[in-house]
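Notes follow once the structure below has been shown.
The values are calculated or read from the model by the stated rules, or taken from the named source; none is laboratory data. Computed from a predicted structure; not experimentally measured. A quick note on method: Cβ atoms are made from the backbone with ideal geometry, for glycine too, and the neighbour counts reach across all protein chains shown.
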Protein chains: 2
Amino acid sequence: MQAEIISVGNEILLGHIVNTNATHISQRLRELGIEVCYHISVGDKAKKLSSVLKEALGRSDIVITTGGLGPTVDDITIETISKVIKKKLVFKKKIYKKIMDHFDHRKIEMPPINRRQAYIPGGSKDLANPVGTAPGVIIEVNGKVLIALPGVPAEMMPMMADVINYLRDRYPSKATIESRIIKVVGLPESATCEKVQDLLKTEGDVTVGIYPHTAYVDLKINAKARDKKAAYRLIDPIEKKIRSRLGNFIFGTNDETLEGVVGELLATAKLTICVAESCTGGLIADRLTNVAGSSKYFTMAYVAYSNRAKISQLGVAKKAIERYGAVSSHVAIAMARGIKRIAKTDLALGVTGIAGPTGATKTKPIGLVYIALSTPADETWRRFNFIGDRLTIKLRTSQAALDMVRRYLKEKSSE
Amino acid sequence: MQAEIISVGNEILLGHIVNTNATHISQRLRELGIEVCYHISVGDKAKKLSSVLKEALGRSDIVITTGGLGPTVDDITIETISKVIKKKLVFKKKIYKKIMDHFDHRKIEMPPINRRQAYIPGGSKDLANPVGTAPGVIIEVNGKVLIALPGVPAEMMPMMADVINYLRDRYPSKATIESRIIKVVGLPESATCEKVQDLLKTEGDVTVGIYPHTAYVDLKINAKARDKKAAYRLIDPIEKKIRSRLGNFIFGTNDETLEGVVGELLATAKLTICVAESCTGGLIADRLTNVAGSSKYFTMAYVAYSNRAKISQLGVAKKAIERYGAVSSHVAIAMARGIKRIAKTDLALGVTGIAGPTGATKTKPIGLVYIALSTPADETWRRFNFIGDRLTIKLRTSQAALDMVRRYLKEKSSE
């Protein structure tokens, strides 16, 4: 069973947009155990699309196109498909009514040009578009399945759910591919790799890959099996091995975020937190409040960018700044203490550092960061030397700060 | 002149990563006026890669591959190229030395496996990799140019600069394609489209496209001409027309950000700003401090998430919250006043709203936001009804707040 994705559109070949459609469709097909063998992008040109379609139908069992379903003459996918598979276009009243309803609903008169979208190749099944006017099309050609979807991701993605249902019925005995992502923080890619190198695997029914991001590393386990349960039986022992190697460097799985994990730990422990930020400029508070329900444990943050703000608002001693510098463990601790006194929370973070590109001194390079965490029982601080541009250093600092909170809460919960 | 990009790697077809390499290479080739006709992604399988390579060399003048240059047996690009073009692999001492230096520099012993990367097809020119160990390769095959680059974007991108220089020398008379992006804020895509519909154009030497983002809209003008100057002569009059239609809704061009534009206006006017945030949770301060040098005009921000924080820290009247609610123009203004009194800045923003998914009431839906701006001369506030999930509402709110500051500063600077 081999699938192929054809993306139609000049804007892809011009580099105006990144082809995320092919990525999304590949991910969804993997759920059914269907292997994708090619992604092809081609412009809005009938001759080229036609030859690509013929080649794809010659070598693959399932061919999915995206793009070129709009109402204008530039949108050539449906017409080209009709010619390639030799099925004339047929006007569908039902589709036409839906297109008219779409405009009625928005109290706009339907441009006559949109009538074109009600034509689909004879013998094909149409797929409703919940967002736009272009219907999708599924058609069987000599035992192969050809599917045309719109190029706008917000339209394509819900329609892809219908495609998955269709293919699941069409190929009922197919295997499934399940994935689990193990998320690692506080350990660079190379060090993570060293610890799990022997488990990495790119071929076969079970694969294990390593995917570095700016402030965390993903380890991804994929397993192909006859059903979900069987796939997880392959995944579980590998996850266990990875966990035994990486321990507390693992902060979550799949689409969990560090701020989400920290939020859950805070809510469970019924503890509150506040933040005093300098170099991160509000990013830690922003991330904490990205979590729905964060008002349960987060009440306030203070971004003290200037020395004056640190002194007047957080009560950092002017002498401490003069003696140790604004970027020092002393000031980080004083910032945490200051905001905690004001906010009356259980925990408080104080963060100070040099995000660059300027501000470095002989003894204090760009990327030098101090993070202090004040808890009901104690105060701790850590020094970091981050590498990267301004935004990278801000992100890595926010990650390290949230990770200090996570580690504290994890330890506390296991007491 | 037709180019084609072949991306090699299972991780693309599995949907693990988005193929941004093809996008980047397309953008760079456009600078030389080279048209990209196909993007192909194929797995780490010699047979499939071999047939894709043969087809590409048959129909395109320039073929660029990415990926599959690593040291492991899964990395098959160089070997497959060598077989397809019938040029034996040759061991290159110079490359080998570079690979050894790479490991020496990091004080790591070179794994023997990396020796493999010192082999390239006979007659090819190698491209230095400034970041990793895999060299790139350029080889001429029957008048066509075949180029192999690594798949890691951080390695590929600097090497692509060398490729551009090579191709510029190789095809000296080529035309150039230049682009200009006009950035629009405060006007939805549909309304933007209405105003410039007759200028949009997808075919020909000059194209104009509209690209919506979560909190702004891009209008992109591309022009193909014999040189930069000629291209800009095509672009300029269209930009002028767009500007006359959209006026102050345009906040910048190309890669400018709204926070960067606001920062420049503040620095030029020698004015300072502070922020009191509720629903945005620190995002506005985070964005302001993403700009290098922001400490010139930004000194502090306060994230007052709870009512208590608004009252105790910003001096918002408890009665105002009781009478009008925390999400009200009264509270937004009081927040701006409160932080301004503390920070002693020229400008202050106060932002309060409901980011969701909970917190809505009968009269106050999710997405309701009040933004107040306090200036030396006056106080203004605006109400917004944003649509979207929590993060979208936070982003759109931060955008609207920064845009209020931009509009104030623009007006002031033209006085």
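The table that follows gives values for the structure above.
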{"quantity": "Some residue of segment A:2-14 being surrounded by fewer than 22 Cβ atoms within 10 Å (Cβ to Cβ) and assigned to a loop (DSSP other than H, G, I, E, B)", "calculated": "no"}
{"quantity": "Matching strands (runs of 3 or more DSSP E) fully within segment A:46-129 where at least 3 residues are at pLDDT 95 or above and either farther than 20 Å from A:ALA22 by Cβ or of a type in the set (Phe, Trp, Tyr) (or both)", "calculated": "A:89-91, A:119-121"}
{"quantity": "Residue list for segment B:185-226, restricted to those being touching a residue at least 40 places away in the same chain (Cβ under 8 Å), surrounded by 13 or more Cβ atoms within 10 Å (Cβ to Cβ) and among the charged types (D, E, K, R)", "calculated": "B:LYS195, B:LYS220, B:LYS224"}
{"quantity": "Pairs where the first residue, in segment A:49-73, is at positive phi and of a type in the set (Phe, Trp, Tyr) and the second is modelled with pLDDT of 95 or more and surrounded by fewer than 24 Cβ atoms within 10 Å (Cβ to Cβ), C-beta under 6 Å, 6+ apart", "calculated": "none"}
{"quantity": "Filter result for B:ILE12 (within 11 Å of chain A (Cβ to nearest Cβ) and of a type outside the set (S, T, N, Q))", "calculated": "yes"}
{"quantity": "Residue check, A:ALA320 part of a helix (DSSP H, G or I), more than 14 Å from chain B (Cβ to nearest Cβ) and either more than 32 Å from the chain's Cα centre (by Cα) or not hydrophobic (A, V, I, L, M, F, W, C) (or both)", "calculated": "yes"}
{"quantity": "Selection count where residues are touching a helix residue (DSSP H, G or I) at 6+ places or on another chain (Cβ under 6 Å) and within 11 Å of chain B (Cβ to nearest Cβ), scope segment A:50-73", "calculated": "0"}
{"quantity": "So B:ILE40, is it in contact (Cβ under 8 Å) with a residue 12 or more places away in the chain, surrounded by 21 or more Cβ atoms within 10 Å (Cβ to Cβ) and facing chain A (nearest Cβ under 7 Å)", "calculated": "yes"}
{"quantity": "Residue among A:ALA285, A:ALA276 that alone is at the interface with chain B (Cβ under 8 Å from one of its Cβ atoms), touching a Gly at 6+ places or on another chain (Cβ under 9 Å) and crowded, with 18+ Cβ neighbours inside 10 Å", "calculated": "A:ALA285"}
{"quantity": "Residue match in segment B:338-345 (condition: part of a strand (DSSP E or B) and either within 12 Å of chain A (Cβ to nearest Cβ) or closer than 28 Å to B:SER413 by Cα (or both))", "calculated": "no"}
{"quantity": "Residue tally, condition more than 24 Å from A:ASN222 (Cβ to Cβ) and either free of Cβ contacts under 8 Å to residues at least 12 places away in the same chain or surrounded by 15 or more Cβ atoms within 10 Å (Cβ to Cβ) (or both), over segment A:144-157", "calculated": "8"}
{"quantity": "Count - residues of segment A:300-317 that are of a type in the set (Val, Ile, Thr) and facing another protein chain (nearest Cβ under 8 Å)", "calculated": "1"}
{"quantity": "Meets criteria (within 30 Å of B:ASP218 (Cα to Cα), at pLDDT 90 or above, in a loop (DSSP other than H, G, I, E, B) and not assigned by TED's automatic domain parsing to the domain that holds B:VAL63) for B:GLY186", "calculated": "yes"}
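Per-residue answers, yes or no, for (1) on the phi > 0 side of the Ramachandran plot; (2) within 14 Å of chain B (Cβ to nearest Cβ); (3) surrounded by 22 or more Cβ atoms within 10 Å (Cβ to Cβ); (4) not in a strand (DSSP E or B):
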position	(1), (2), (3), (4)
A:ALA348	no, yes, yes, no
A:GLY356	yes, yes, no, yes
A:LYS362	no, no, no, yes
A:ALA372	no, no, yes, no
A:TRP381	no, no, no, no
A:ILE387	no, yes, no, yes
A:LEU391	no, yes, no, yes
A:THR397	no, yes, yes, yes
A:VAL405	no, no, yes, yes
